[in-house]
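The values are calculated or read from the model by the stated rules, or taken from the named source; none is laboratory data. Everything numeric here is computed off the predicted structure, so don't read it as measured data. FYI the Cβ positions are ideal-geometry reconstructions off the backbone, even for glycines, and counts take in every protein chain you see. The accessibility values were calculated without ligands, DNA or RNA, using every heavy atom of the protein model including side chains. Shrake-Rupley method; radii C 1.70, N 1.55, O 1.52, S 1.80 Å.
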Amino acid sequence: DTSGSENILVNRNKEGFLNKTKIAEKGKKLRKNWVTSYTVLSGPKLEFYKDAKDQTASDLRSSTKQERIDLRGASVEWANEKSSRKNVFQITTLSGNEFLFQSDADITVQEWFRAIRNTIDSLGRE
Ligand code: I3P
């Protein structure tokens, strides 16, 4: 049984560039605005930075401007029908905010989807 070691791997914090757009705020539709962000999966939340060094800088203003996503009670699903882009998945938060994520790199998106899904699942069991 390898599920134990797999969980350790997928629950480890993950980071890298992803394209993101918010499509709804508390259930209300928003106009898409795709941005590329350095995305960090950190415990129960996703954080967004301009680049990798931004998160360690003492000036965190650029990161705090980008809304964090609380994964507690959130859902994640593939959503390729919601965009002309490839490899799109959607996160819907407990508060009804909806975000699309995307990368042209197939493996990258698969890994992010797995990591986020596993985080959401393990949070649900707490
Ligand atoms: C949108 C922009 C988005 C596109 C969206 C367009 O136009 O081209 O990139 O989403 O398509 O409406 P605008 O810049 O005028 O707001 P995708 O790249 O995800 O396809 P949509 O309306 O079908 O969501």
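Taking θ = phi - 60°, what integer Hz values does the Karplus form 6.51 cos²θ - 1.76 cosθ + 1.60 yield along the stretch 94-107, in sequence order, with x for Gly and Pro?
Karplus-based 3J(HN,Hα) across the stretch 94-107 equals 4, 7, x, 8, 10, 10, 9, 10, 7, 8, 6, 7, 3, 4 Hz.
Give, rounded to the nearest 20 debye, the magnitude of the charge dipole that the stretch 72-125 has about its Cα centre when Lys and Arg contribute +1 at Cβ and Asp and Glu contribute -1 at Cβ. List each step's numbers first, then the result.
On the way: 7 positive and 7 negative charges, 29 e Å.
Dipole size: approximately 140 debye.
If ligands, DNA and RNA are left out, what is the accessible area of D104 with a 1.4 Å probe, given in Å² to the nearest 10?
Here the accessible area works out near 110 Å².
Contour minus end-to-end for K86 and D121, with contour as 0.36 nm per residue of separation and end-to-end as the Cα-Cα distance?
10.1 nm
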